[in-house]
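K.L.:
Sharing a structure here in structure tokens format.
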Amino acid sequence: MSATRMGLAGGLAWLLCLAIPALAGSAWVAIFATFAIYAITALSEDIILGRAGIYDMGHAVYLGIGAYATAILNTAFGWPILATIPAAILAAALAGGLLSAPLIRLRGDYLLVATIGFNAIFILVMQNDPGGITGGSDGIAGIDVPALFGWQLASQNALFWLDWGVLGLALLLMRNLDRCEFGRALRYIKQDQLAAATLGVDTRRVKTLAFALGAGLAGLAGSLFAVQLSSVSPSSFVFTESVTLFAIVIVGGPGSIPGVLLGAALMFVVPEIFRDFAQYRYFVFGIAMIAVMVLRPQGLWPRRRAA
Amino acid sequence: MRKTYLGAACALGLLAGGMQARAAAPIVIGVQAPITGAYAEEGQGIENAVKLLAAEQNAKGGLLGRQIEVKVCDDEGEAAQAAICARQLVSAHAIAVIGSYTSGAALAAEPIYARANVIQTSDGTSDQLLAKGYKTWFGNAAPNSAEAEFTAKYLVSVRGFKRIAVLSDHSSFATGLAQAVEQDLKAAGGNVVATDYINAGSQNFTPVLTRLKALNPDAIYFSGYYSDGGLIRAQMQQLGLNAVFVGGDANQNTAFAKIAGPAAAGSIIINVPAPQDLPYPAAKEFVASYQKQYGSLPPSVFTLTNADGLRAVMQAVEKTGGTDPDRLEAYLHSLKDFQGLTGTFSWNEKGERIGSPFVAFEVQGDGGYKILYPAAPGS
Amino acid sequence: MTRLLELRGVSKSFGGLRAVDDLSFAVEEGHIVGLIGPNGAGKSTVFNLITGVYRPDAGQVLWRGREITGAAPHAVAALGIRRTFQTIRLFGEMTVFENVRAGIHLRARQRWWQGVLGLPAQRREEERLAAETRAVLARLGLADVADKPATGLPYGLQRRVELARTLVAGPALIILDEPAAGLNEAESAALNETIFGIRDQGITVLLVEHDMNVVMNVTDHIVVINFGRKIAEGNAGAIRADPAVVEAYLGRAGDEEAAP
Amino acid sequence: MGTFIQQLINGLTVGGVYALIALGYTMVYGVLRLINFAHGDLCILGAFIGLTVLTGGLGGGHPGAALLALAFIAAIIAIAIAGVLLEIIAYRPLRRADRLAAVVSALGASMLIENGIMLIWGPDVHVFPPDLLPKTSWRVAGAAISFTQLMIILISCALMAALYGFVNHTRFGTAIRAAAIDQDAARLMGINVNRVIGSVFVIGPALGAVGGLFIGVYYREAYFTMGWTYGLSAFIAAILGGIGNIPGAMLGGVLLGLFNAFAAGYVSSSWQDAITFLLLIAILILRPTGLLGERVAEKV
């Protein structure tokens, strides 16, 4: 299938999904709304891990920064939700850029450990409630619903459409990334950093930018996350969440948009179907992760080689 | 089997209620509880209690002649799931929601119920739940502050400890309790020599205990859970730290004594009595019919506090003669000396439960408990 | 004639080993310059010092008379210096077209956010650069394999793809690290023509090569190093006659030719 | 002074356990360049197997030294077998694949083992029988050191010394080191690289099983999620020392134990992990390949 036809098929699938609230029960609407938020986060991890090949195993931090930014600005300073979104994106992007800048030259596995470290530190900082603004381990509750032209997006259906609308934008952004010089530079770096540098790619700057961009997109997802839950707490952004995001990208197919979406669906929607087997869930997950990697090391839906 | 019973109860209720009942729509009571996950046992306890009380009420003709319909949503004790449940129960037109078990899940759901004007009664005790003053919130368990007040009084006035160290883990429940205890200790004139946090499950508490040892405390108060509490007690002994270990209610578990080993004896735990030890006749009756229906005791006293929440709501519907949320809430807020299964209590304007029976237990050499203070209720 | 590139007293050590020792030489604009020496003489290290992969311990690197010592690889590339590698370094997950397209990275004027937003100006630029890439592919006879995965091609073709990737940028200097390595006889013979062709486009060439046919036949100027030090310099005839070179290098030319 | 010595003892005990577990990470990384995320869970599986032997054998007789030794042997053998199976099933097919595929396979294996423990033994905290070891404790300069602590410190040191000797002074040890430097070259030199990799998946998990069981007898409890906690700490220890470097893992483990103790003891227990990670990040910035790791220039 050509890239254009693929994009068309994807667009159609997205339109069909918009009809979920008309077809499915309210529980599924909530599940798919949450899926959209995690899908955006997984796509943002894909920018860093799948495209630039930077081993980021602390990505939940940026989701968390976005969520906390929205929560704090809304509850403590009374900003309307929509106004907090740019601030959430900016805060997460800045954090991503600043944290990664001194570490970006580290070899893969060492960077991975440093990002794990960021995650642990982030959780502890949120728990210890510096300056009384993060609410400690309870986090922050009572976040408003977004208002659009005076219309309150209070129902789960309204939030669903908001989340899927943003997911649509994120998908467009990812598609553009495939077609632009910056996106290609990420792939050069992933495949051969030295060759990329001798072709004139400023590897350090591009990698830091990739980190900031991925973090910013995750921050946007974090805003939506805070709204969906109407509360934030450190437990939503712990290291295991980062590991899940990491696994989604690799299991789905690094650098492949449908692959990452498939991975997110497997990790967040399929478990809902098997709720009755709750205690076997992660056991089976473990087996599935090994099996997928052994049988399809490139991921379930790998990136097409000739783009 | 449970379904058959409920079906039979419904049929009975319909017969008793006659035409009026059949014509009127049922009154929906929501249950938001961790049916699966780490707190499944407690969540199922809440579900069981609500269904039991509803079936009993329906057998008596329902509320205002209308049947009670129970809608259950599993929040897994997770905030994300709790928000989903809250939206679901709101759209199911529940007049009141019982649960959830954990403060975190109750907290995530709280603003959604408040916005929809749906009564929420949960055993969540975090002070954050009171922070917004939502008029839909009714905590049915004794809040941290009551436990803290009792703890401070016991440590300072009854035992006369001069130097007290306060430890907590990072959980929302334990930090809230520890902060309240610290405040009340100071208010009661106690000397808090140190406050610190441990990471739950990290097992190695010797570094922080070594530091505390240098401060020479008479007592170490720990607000976290039994698995860490037991280890802290054991490691205190290993380091030769001769202070009394005082644990918050989450330390009351048989595993505490097993983990602490020989060091367990003499530890103090502060909690409300277990369901079967509650002295009130209504409580004994409820525990008996629960056991008859489900073949086991309620998992904890929180099953009964949530039952109390539902009993109060049912009383409000009957007394106000309708399901208008504002009138129900006003009634509950003004309710004085409600005769609960877990003692007499009322709600203040923030929805905080006032009135609770805490006791101090001492862990015995055989792992059993002995009530030290006050004299066992009812005796 | 202007000095395009000049090394002045450049040294580099790894641990205790002096890989390059007080090396000085210059590359004149428009020349084809050969850097030769026995295995382990430090030739590749010299290339890495010029292109910013390594930073010299001492000495200076000058580009058109301006010091560029220790500049980062991407900054060196921005000056118009391009290189190939001893072991081919193509992007393995990309097609031939994509690999060559990577060579004009620096010609893209779009900002990263323009690309992410997919603005019209950016799209027009994309089309223009793609057309340029296709022109270079056609010129080097790679048009037919443009959409094939690059690393699946025969070795000789891969070399040509790597060369195309450097040429597409329109550089001032191309540094070729053993361009004949792994080529068959016919390909090796064609290489001479290719190198002359590059020079005729006005591009200066600096190459390391073991294949004496290539070195002696194409270069205007040769620098010989051994153990990191320069032992001789001059045109092909002078080098052939230099006794130090004969001893250090040509005396063992037989071994060299036997080796791959 | 007594407090300082006490923190030193606290730190050394935990550090010894970290080091034993860290060796498994570092040896596997050395030969395969793979972070074996399942290693921590293997170690805790060892603790559970040891616990089963101890409680099973306690029925009538006394929990003598023989039973304890039996528990250790059973844990070592079982975990060594599990380690080899893990390599064959989850890692060997991925040796030529992208490195991240193996990392995710390792994460899957970790999830599998952790939840397998939960399904077999249940999710609650398991308590080790009391009186396994003498309750003796000694006082050193105002600090207390228990028999268990002393045993853990001494046995950890002995095992590490033995491993160091084995790797540096035997033919097979040389083969391991050679394979760690360059697998292809080692193969050309006639070294059976598969055997080396297999041996690493025997030695690492076996040492880890000892570490895991040490945790069990020291704290007298085990629960299924412990593998992550200890695995992560030990992994950090390995990175700290320079992953792939055997003495580095030993040094890293002991240092991490001491960091933890002093951070919790002198700064704040609540910031303990943050301090540890900040220190780690600082070390990585200053020495990107860890304390004893070699700086490698990329061959171009």
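K.L.:
Answer yes if at least one residue in region D:262-280 is within 19 Å of D:N10 (Cβ to Cβ), within 14 Å of chain B (Cβ to nearest Cβ), outside any helix (DSSP H, G or I) and among the hydroxyl-bearing types (S, T, Y), and no otherwise.
P.N.:
Checked against the condition, which is being within 19 Å of D:N10 (Cβ to Cβ), within 14 Å of chain B (Cβ to nearest Cβ), outside any helix (DSSP H, G or I) and among the hydroxyl-bearing types (S, T, Y), region D:262-280 yields at least one hit.
K.L.:
Okay, moving on. Across region D:125-164, which residue is modelled with the lowest pLDDT among those that are under 17 Å from D:A71 (Cα atoms), outside any helix (DSSP H, G or I) and touching a Gly at 6+ places or on another chain (Cβ under 6 Å)?
P.N.:
So, considering only residues that are under 17 Å from D:A71 (Cα atoms), outside any helix (DSSP H, G or I) and touching a Gly at 6+ places or on another chain (Cβ under 6 Å), the one modelled with the lowest pLDDT is D:P130.
K.L.:
For region C:49-72, state whether one or more residues are modelled with pLDDT of 90 or more, assigned by TED's automatic domain parsing to the domain that holds C:E247, part of a helix (DSSP H, G or I) and closer than 27 Å to C:I195 by Cβ.
P.N.:
yes
K.L.:
For D:G108, are the conditions met, namely being over 21 Å from D:V200 (Cα atoms) and surrounded by 16 or more Cβ atoms within 10 Å (Cβ to Cβ)?
P.N.:
No, not satisfied.
K.L.:
Any residue that is farther than 17 Å from A:G183 by Cβ and touching a Pro at 6+ places or on another chain (Cβ under 7 Å) - is there at least one of those in region C:35-44?
P.N.:
No, because not a single residue in region C:35-44 is farther than 17 Å from A:G183 by Cβ and touching a Pro at 6+ places or on another chain (Cβ under 7 Å).
For (1) within 20 Å of the chain's Cα centre (by Cα); (2) in contact (Cβ under 8 Å) with a residue 40 or more places away in the chain; (3) surrounded by fewer than 16 Cβ atoms within 10 Å (Cβ to Cβ), each residue gets a yes or a no:
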{"site": "D:I88", "(1), (2), (3)": "no, no, yes"}
{"site": "D:R96", "(1), (2), (3)": "no, no, yes"}
{"site": "D:I117", "(1), (2), (3)": "yes, yes, no"}
{"site": "D:H126", "(1), (2), (3)": "no, yes, no"}
{"site": "D:D131", "(1), (2), (3)": "no, yes, yes"}
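K.L.:
I'd like to check something: does region D:77-88 contain any residue that is at the interface with chain A (Cβ under 9 Å from one of its Cβ atoms) and either touching a Cys at 6+ places or on another chain (Cβ under 7 Å) or assigned to a helix (DSSP H, G or I) (or both)?
P.N.:
Within region D:77-88, none of the residues are at the interface with chain A (Cβ under 9 Å from one of its Cβ atoms) and either touching a Cys at 6+ places or on another chain (Cβ under 7 Å) or assigned to a helix (DSSP H, G or I) (or both).
K.L.:
For region A:169-183, what are the residues that are buried (at least 17 other Cβ atoms within 10 Å of the Cβ), facing another protein chain (nearest Cβ under 7 Å) and out of contact with any Phe, Trp or Tyr (no Cβ under 7 Å at 6 or more places or on another chain)?
P.N.:
Answer for region A:169-183, where residues must be buried (at least 17 other Cβ atoms within 10 Å of the Cβ), facing another protein chain (nearest Cβ under 7 Å) and out of contact with any Phe, Trp or Tyr (no Cβ under 7 Å at 6 or more places or on another chain): A:L173, A:N176, A:L177, A:C180, A:E181, A:G183.
K.L.:
Inspect region A:111-130 for any residue being farther than 30 Å from D:F37 by Cα and touching a strand residue (DSSP E or B) at 6+ places or on another chain (Cβ under 8 Å) and give the result as yes or no.
P.N.:
The answer is no; no qualifying residue exists.
K.L.:
Residues that are within 12 Å of chain D (Cβ to nearest Cβ), in a helix (DSSP H, G or I) and farther than 28 Å from D:T136 by Cβ: does region B:242-254 have at least one?
P.N.:
yes
K.L.:
For region B:116-130, what are the residues that are assigned to a helix (DSSP H, G or I), modelled with pLDDT under 90 and surrounded by fewer than 24 Cβ atoms within 10 Å (Cβ to Cβ)?
P.N.:
B:L130
K.L.:
Sticking with this structure for a sec: Which residue out of B:P279, B:P273, B:P299 is under 17 Å from the mean Cα position of the chain (by Cα) and over 15 Å from B:G45 (Cβ atoms)?
P.N.:
B:P273
K.L.:
Sticking with this structure for a sec: Return yes or no: is A:A215 small (G, A, S) and either under 30 Å from C:E93 (Cβ atoms) or in contact (Cβ under 8 Å) with a residue 40 or more places away in the chain (or both)?
P.N.:
Spelling it out, A:A215 is indeed small (G, A, S) and either under 30 Å from C:E93 (Cβ atoms) or in contact (Cβ under 8 Å) with a residue 40 or more places away in the chain (or both).
Yes/no matrix, rows are residues, columns are (1) modelled with pLDDT of 95 or more; (2) among the hydroxyl-bearing types (S, T, Y); (3) assigned to a helix (DSSP H, G or I); (4) surrounded by fewer than 19 Cβ atoms within 10 Å (Cβ to Cβ):
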site	(1), (2), (3), (4)
A:A221	yes, no, yes, no
A:Q228	no, no, yes, no
A:S235	no, yes, yes, no
A:V243	no, no, yes, no
A:A265	no, no, yes, yes
A:R281	no, no, yes, yes
A:R304	no, no, no, yes
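K.L.:
Sticking with this structure for a sec: Take region B:83-105 and flag every residue that is under 20 Å from B:A307 (Cα atoms), touching a Leu at 6+ places or on another chain (Cβ under 9 Å) and not small (G, A, S).
P.N.:
The answer is B:I95, B:V97, B:I98.
K.L.:
Would you call B:A180 out of contact with any strand residue (DSSP E or B) (no Cβ under 9 Å at 6 or more places or on another chain), among the hydrophobic types (A, V, I, L, M, F, W, C) and free of Cβ contacts under 8 Å to residues at least 40 places away in the same chain?
P.N.:
No; evaluated as a whole, the condition is false for this residue.
K.L.:
Is it fair to say A:V113 is farther than 15 Å from A:S223 by Cα, more than 14 Å from chain B (Cβ to nearest Cβ) and out of contact with any Asp or Glu (no Cβ under 6 Å at 6 or more places or on another chain)?
P.N.:
yes
K.L.:
Can you tell me which of (1) surrounded by 14 or more Cβ atoms within 10 Å (Cβ to Cβ); (2) in contact with a helix residue (DSSP H, G or I) (Cβ under 6 Å, 6 or more places away or on another chain); (3) without any contact (Cβ under 8 Å) to a residue 40 or more places away in the chain is the one D:V167 doesn't meet?
P.N.:
Of everything listed in (1) surrounded by 14 or more Cβ atoms within 10 Å (Cβ to Cβ); (2) in contact with a helix residue (DSSP H, G or I) (Cβ under 6 Å, 6 or more places away or on another chain); (3) without any contact (Cβ under 8 Å) to a residue 40 or more places away in the chain, D:V167 misses just condition (3).
K.L.:
Suppose we filter region B:134-172 for residues that are in a helix (DSSP H, G or I), within 14 Å of chain A (Cβ to nearest Cβ) and closer than 24 Å to B:D337 by Cα; how many remain?
P.N.:
Going through region B:134-172 one residue at a time, the tally reaches 1.
K.L.:
Here is a list of conditions, (1) among the aliphatic types (A, V, I, L, M); (2) at the interface with chain A (Cβ under 8 Å from one of its Cβ atoms); (3) out of contact with any strand residue (DSSP E or B) (no Cβ under 8 Å at 6 or more places or on another chain), and C:V100 meets all of them except one; can you say which number that is?
P.N.:
(2)
K.L.:
Continuing with this model, one more query. Which of the residues belonging to region B:297-336 are in contact with a Phe, Trp or Tyr (Cβ under 8 Å, 6 or more places away or on another chain) and exposed (fewer than 14 other Cβ atoms within 10 Å of the Cβ)?
P.N.:
Listed by number, the list holds a single entry, B:K319.
K.L.:
Here is a check on your reading of the model: is A:G252 at negative phi and at the interface with another protein chain (Cβ under 7 Å from one of its Cβ atoms)?
P.N.:
Answer is no for this residue.
K.L.:
Among the residues of region B:146-163, count how many are surrounded by fewer than 21 Cβ atoms within 10 Å (Cβ to Cβ) and closer than 25 Å to B:R311 by Cα.
P.N.:
Looking only at that region, the number is 0.
K.L.:
State yes or no: is C:T87 polar (S, T, N, Q) and either without any contact (Cβ under 8 Å) to a residue 40 or more places away in the chain or more than 7 Å from chain A (Cβ to nearest Cβ) (or both)?
P.N.:
Taking the combined requirement at face value, the residue satisfies it.
K.L.:
Does B:T195 satisfy the criteria of being touching a strand residue (DSSP E or B) at 6+ places or on another chain (Cβ under 6 Å) and under 21 Å from A:P234 (Cβ atoms)?
P.N.:
yes
K.L.:
Yes or no: region D:110-121 includes at least one residue that is β-branched (V, I, T), in contact with a helix residue (DSSP H, G or I) (Cβ under 7 Å, 6 or more places away or on another chain) and in a helix (DSSP H, G or I).
P.N.:
The answer is yes; a qualifying residue exists.
K.L.:
Scan region B:240-259 for residues that are buried (at least 22 other Cβ atoms within 10 Å of the Cβ) and more than 25 Å from B:Q179 (Cα to Cα) and jot them down.
P.N.:
Those that are buried (at least 22 other Cβ atoms within 10 Å of the Cβ) and more than 25 Å from B:Q179 (Cα to Cα): B:A257, B:I259.
K.L.:
Would it be correct to say that D:I77 is crowded, with 22+ Cβ neighbours inside 10 Å and closer than 29 Å to D:L119 by Cβ?
P.N.:
Spelling it out, it is not the case that D:I77 is crowded, with 22+ Cβ neighbours inside 10 Å and closer than 29 Å to D:L119 by Cβ.
The values are calculated or read from the model by the stated rules, or taken from the named source; none is laboratory data. Everything numeric here is computed off the predicted structure, so don't read it as measured data. Note: ideal-geometry Cβ built from the backbone for every residue, glycine included; neighbour counts use all protein chains shown.
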